[in-house]
Amino acid sequence: MRNFTYHSPRTLADALDAARESGGDILAGGTTVVDLMKIGVREPAALVDITGLTDLEGHEIGPNSIRFGALARMSVVANDQELVAAAPVLTESLWKAASPQLRNVARLGGNILQRTRCPYFRDTAYAQCNKREPGSGCAALDGGETSHHAVLGGSSSCVAKYPGDWAQALIAFDAEVHTQGPGGRRTILFADLHLMPGDTPEVETILQQGEIVIEITVPVVPALKASHYLKARDRESYAFASASAAVGIELDGDTVRDVRIALGGVATTPWRASAAEDSLKGSPLTEATAREAGRIAFAEAQELEGSAYKIKLGADVVAGALMTAKSRANGGK
Amino acid sequence: MAQTINTAVTRTDAPRKVTGTATYAADFMPAGMLHGALATSSVAVGTLTGMDISKAEAEPGVLAVFTRETLPDYKSVKGFYAGGPGSASFWPMNESQLRSYSAGPGSASFWPMEDARIRYAGQPIAYVVAETAAAARRGAQLIEATYDIAESTIAMDPADSFVIGAGDDSDGMVITKGDVAEGLSVATQIVDSEYVTPFQHHNPMEMFSATAEWRGDRLTVWMPSQSVKTLRSGIAKAYDMSETSVRVISPFVGGAFGSKAGVTPYTMLTIAAAKAMGAPVRLIVTRPQMYTVATFRPESVQRFRIGADAAGKLTAFEHIEISQTSQFDAVVNPGTHITRAMYACPNIHTEQRLSRSDTNSGGFMRAPNEMQTFFGLESAMDELAIKLGMDPVELRRVNDTDRHPVADVPFSSRSLMESYDAVADSFGWANRTPEVGSMTDGDWLVGYGCATATYPTNILASNARVRMHSTGEAYIELAAHDVGTGTYTIMAQIAAARLGLPVEACDVVMGEGDMPVAPLAGGSTTAASAGSAVHDACLKIGRQIAAQVSAMSEGPLSGVDPAAITLENGVLKASGGQSQPLIEALASTATGQIEVIGEFRHKAMTDQMIKTTFQGGYGSAGPVTPEMAMFAFGAEMVEVRVHRWTHEIRVPRLHGAFAAGTILNRKTAHSQLMGGMIWGIGSALHEVTEIDTPRARFLNTNIAEYLIPVNADVREIRVEMLDERDDYVNPLGVKGIGELGIVGTAAAIANAVYHATGKRLRHLPIRTSDMV
């Protein structure tokens, strides 16, 4: 690890100053930043530890909106029983992520900015990685192992998968991210936060250097109550998704009035499956229409060697998640 | 005194482990210690054309950067690994094998950093020494190497394989009995299938480390080791030193599983760096580097052709195992000599083949090689049972045998079907409906599967020092190892039972090269072999004290013929009925204490086997001796569930019944078997070292992405240990259980997956991606 300067500001203003002056990385729980520093992928000259900004902790369920402080811990939010009842997708996607130890340390603002687990990105022994070294190529696409890579949103430069779970719930429910940066305070639609790799996979979000996530808000809609996060993974805990789906529905009798579908473990960014949602709106939700929605969600998917399974698996996961959401909409579990 | 053998005794070292006072190798930090770090090759095959070490040298805290040009002493040393598992002398072999083995299991037949040639990705190319571990690692990161890159391939090509050795029956690599073609021609049903197992790495929780300190010509090495004798003799030979000048210390080992069995490149580099620096150096290998600086489980292909008549009796049995090895070593863990011992059959052919690719050398990994071979064998048996329309348990019953099918000697004990019957009872096998997909529960498809487990009983020469004091304490010392399995406890139990002392009064000291010879902690040898040496020492104490007290003018045994006195549970008993507690008899002697060396030598051990073991090698007399075949047996049954929507595979229940002779400690034995079964779940469903084909590198070199079971994957595990008596294997009747638990699990799970879904998976691991 490269030596670095450590800043531990007590106010947001000091944090912004320290980030601007040092050009350093923002440190919260550190589960991504410190990890990447240890393996030599990130070598910031400075770290600005914002965990002293205790105002950014906590979360509240309001009548119109649920607010999450950027420094709320994953484990604390996942265990809030009021939230479990009000918006199960927001808690299920947290407690199915990572391990208990990581959830105790990791903060929500950092969680949404989690970096990819692409092994070629994470191992500096590979000369080719456009995300790590722009213009160097892509070892994954150059005959590499791609069974864990994205089938949606990839480009000829990069197919690295966005690894997170919670982000799928946020994008499905039109969350907003509130930040403070050199240009002042701004609000970003969560769907606009992450950028597809295109020709610049090194640029993953629209955040500026030194811009700090302050809080995340999720509008309260009826479909939140009948929501679900279904995650298929190769072991029961502490595994990244092979495919996952964050869904929610609002029924009007048997007819779907509102439906939300987002996909995890299959795309380069948090991924809203809008066409699949459209296919269900105004229609009855049955196993057949749920399966069709799953199929539509992956209509644009491009398989890589070894990743064809994600397309079939992802479609089934969407359908299975929708059936659980339907059961919840009808008062079941 | 309470019976201490075959009871559940809590580990004597448990308080030290949970309070952090158990000293593992890296906990020893000699004064003035410096820190080492490895820089490794980023390419697999080629030539190192240059190395810029200026940035590394400029890093604050870095004291030295050693390259192949600058590491002193190093290249003058000859005979790397001689006497260790890298040498021909490690395995007893005939001459044709000697010629074929360029080195031996778990070795490297070249020196790391001896030349500019790069043979595999992750090969050490430089060694950085610094004031802190952080500075050393940073220094290693800053080294910039350039290479001429040559073509490389990491996956073996099974079509390009070879037999090492003579290629006939003389060395066991190829065995033919009867005529397989003829056996197949009379078969009613034939299974002709190939089963593939992946590269796997041990990933012990305790990182690899080595600490070396020179004092003049004397060297001390602290390193977690499954074989301190191997380590000592290998280092001594490499440095042309006497073994008595080399101290090797490894009192506790935080998981090994085969990965800490040998002398390794990082050991030798650390010793050389310590010599060059004139100061002790400690290296702790990073997790990614652990994938390439020691050994791993090589990938394999298991080919089976098995024929059976309408009643299910085998008419032909052919097993060809192709196992991966490096370009420079011929590492073979023979697996076919176990599969051919399983079932009665008149026509048998087995071949042990190797195929080379560009990796470091593989080695042993729990259980070598039964995890791989029994995934194949027991999947094939399940396929055969389905073709025959037989219950899979009945197919094993029909083919059970009390004689070794090739060696034609009796089994010293064989409780295979007793194991099946016991596990079938506890599991509820009778509730299984044979039709595929016939058992469901909500969104879950349910399947039941079973498989045979076995492990050869390896017995090796061992010594042990036991000293007993009339104050009621005993000191037991031997160069055995506790790799987390409970060896400290069982050695104390054996002494306590024989000497009539409480377990806690028996102080066991192990894990140093200077102690009395005990075998490598591998191949399930320690309890049977080292334990028998402790047992022998205690009986010797009894005989010597009996001789002394019988010669005394007074006392209960005065004047009794010492040959008529035996030691039973701490009491000297004469055939005439007189008796005296051993501790009392000892107190009446002049010294009040006695020290002896116990020995375990089995009548089937040749002098060469004993010598091999004493030189740090593996001179096992098992599993087949001229008169007996020695194996532990078991059977496993599993319930698997496959989810309709997520296609996830889960294991709610895994039951096993095992018969392995005397069980010394019912608690630690239960843990060992359960641990093996859990590892079996991992092998079946989780574990694989993924590979990057174009650049011939191991890919998922961390334990976030190298999946092993977590607690949530392990639900009901039931372990039953059957009573079994075996008077042949050793005086304690112990067969060894370290490896047995894992052997049947993967096949049982694959068979259950088939039963649930109709999908026959002939590769490991079986993943969600296989289920869609």
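So which residues in the range A:216-269 are surrounded by fewer than 21 Cβ atoms within 10 Å (Cβ to Cβ) and closer than 17 Å to A:K326 by Cα? Answer for the range A:216-269, where residues must be surrounded by fewer than 21 Cβ atoms within 10 Å (Cβ to Cβ) and closer than 17 Å to A:K326 by Cα: A:V221, A:P222, A:K225, A:E250, A:L251, A:D252, A:G253, A:D254, A:T255, A:R257, A:D258. Scanning the range B:696-732 for residues that are crowded, with 17+ Cβ neighbours inside 10 Å, away from chain A (no Cβ under 14 Å) and out of contact with any helix residue (DSSP H, G or I) (no Cβ under 9 Å at 6 or more places or on another chain) yields B:D726, B:Y728.
So, B:I742, is that one away from chain A (no Cβ under 14 Å), within 17 Å of B:M371 (Cα to Cα) and either part of a loop (DSSP other than H, G, I, E, B) or at pLDDT 95 or above (or both) or not? Criteria met by B:I742. The numbered conditions (1) closer than 24 Å to B:Y618 by Cα; (2) without any contact (Cβ under 8 Å) to a residue 60 or more places away in the chain; (3) touching a strand residue (DSSP E or B) at 6+ places or on another chain (Cβ under 6 Å) are all true for B:H319 except (1).
In a residue-by-residue description of the range B:222-238, the property of being aromatic (F, W, Y) and touching a Leu at 6+ places or on another chain (Cβ under 8 Å) applies to no position. Condition first: within 14 Å of chain A (Cβ to nearest Cβ) and surrounded by 21 or more Cβ atoms within 10 Å (Cβ to Cβ). Can you find one or more residues in the range B:632-641 that meet it? Looking through the range B:632-641, at least one residue is within 14 Å of chain A (Cβ to nearest Cβ) and surrounded by 21 or more Cβ atoms within 10 Å (Cβ to Cβ). Among the residues of the range B:125-142, the ones that are surrounded by fewer than 22 Cβ atoms within 10 Å (Cβ to Cβ) and either assigned to a loop (DSSP other than H, G, I, E, B) or away from chain A (no Cβ under 13 Å) (or both) come to 3 in all. Listed by first and then second residue, the pairs linking a residue in the range B:8-26 that is under 30 Å from B:E720 (Cβ atoms) and not assigned by TED's automatic domain parsing to the domain that holds B:L664 to a residue that is β-branched (V, I, T) and surrounded by 19 or more Cβ atoms within 10 Å (Cβ to Cβ), with Cβ atoms under 7 Å apart and 6 or more places separating them unless they lie on different chains, are B:V9/B:T489; B:V9/B:V503; B:R11/B:T489; B:R11/B:T668; B:T12/B:T489; B:T12/B:V503.
What is the one condition in (1) assigned to a loop (DSSP other than H, G, I, E, B); (2) surrounded by 19 or more Cβ atoms within 10 Å (Cβ to Cβ) that B:S558 does not satisfy? Among (1) assigned to a loop (DSSP other than H, G, I, E, B); (2) surrounded by 19 or more Cβ atoms within 10 Å (Cβ to Cβ), the lone unmet condition for B:S558 is (2). Taking strands (runs of 3 or more DSSP E) as the structural unit, those lying wholly within the range B:197-272 and holding at least 3 residues that are over 24 Å from B:E739 (Cα atoms) and touching a residue at least 60 places away in the same chain (Cβ under 8 Å) correspond to B:209-215, B:246-249. Within the option set A:A106, A:A86, A:A125, being within 16 Å of the chain's Cα centre (by Cα) and of a type outside the set (V, I, T) holds for one residue only, A:A106. Taking the numbered list (1) buried (at least 20 other Cβ atoms within 10 Å of the Cβ); (2) in contact with a helix residue (DSSP H, G or I) (Cβ under 7 Å, 6 or more places away or on another chain); (3) modelled with pLDDT under 95 in turn, B:V77 passes all entries but (1). All conditions but one from (1) acidic (D, E); (2) within 14 Å of another protein chain (Cβ to nearest Cβ); (3) touching a Ser or Thr at 6+ places or on another chain (Cβ under 8 Å) apply to B:D692; the one that does not is (3).
When the range A:142-163 is filtered for residues that are surrounded by 21 or more Cβ atoms within 10 Å (Cβ to Cβ), under 15 Å from the mean Cα position of the chain (by Cα) and within 14 Å of another protein chain (Cβ to nearest Cβ), the ones remaining, listed by number, are A:A160, A:K161. All of (1) of a type in the set (D, E, K, R); (2) closer than 23 Å to B:Y455 by Cβ; (3) assigned to a helix (DSSP H, G or I) hold for B:R366 with one exception: (3).
Kindly indicate which of B:T489, B:T471, B:T457 is farther than 27 Å from B:P623 by Cβ and modelled with pLDDT of 95 or more. Answer to the check: B:T471.
In summary, B:H686 fulfils each of the numbered conditions (1) in contact (Cβ under 8 Å) with a residue 60 or more places away in the chain; (2) crowded, with 20+ Cβ neighbours inside 10 Å; (3) touching a strand residue (DSSP E or B) at 6+ places or on another chain (Cβ under 7 Å) with the single exception of condition (3).
Among residues belonging to the range A:312-327 that are among the aliphatic types (A, V, I, L, M) and touching a residue at least 60 places away in the same chain (Cβ under 8 Å), point out the one that is farthest from the other protein chains (Cβ to nearest Cβ). Ranking the candidates gives A:A325 first.
Per the listing B:D713, B:D723, B:D727, the residue uniquely within 20 Å of B:M491 (Cα to Cα), outside the structural domain of B:A495 (by TED's automatic domain parsing) and out of contact with any strand residue (DSSP E or B) (no Cβ under 6 Å at 6 or more places or on another chain) is B:D727.
The values are calculated or read from the model by the stated rules, or taken from the named source; none is laboratory data. The shown structure was predicted, so the numbers you read here are calculated from the model rather than taken from an experiment. Every residue, glycine as well, gets a Cβ built from its backbone with ideal geometry; the counts of neighbours run over all protein chains shown.
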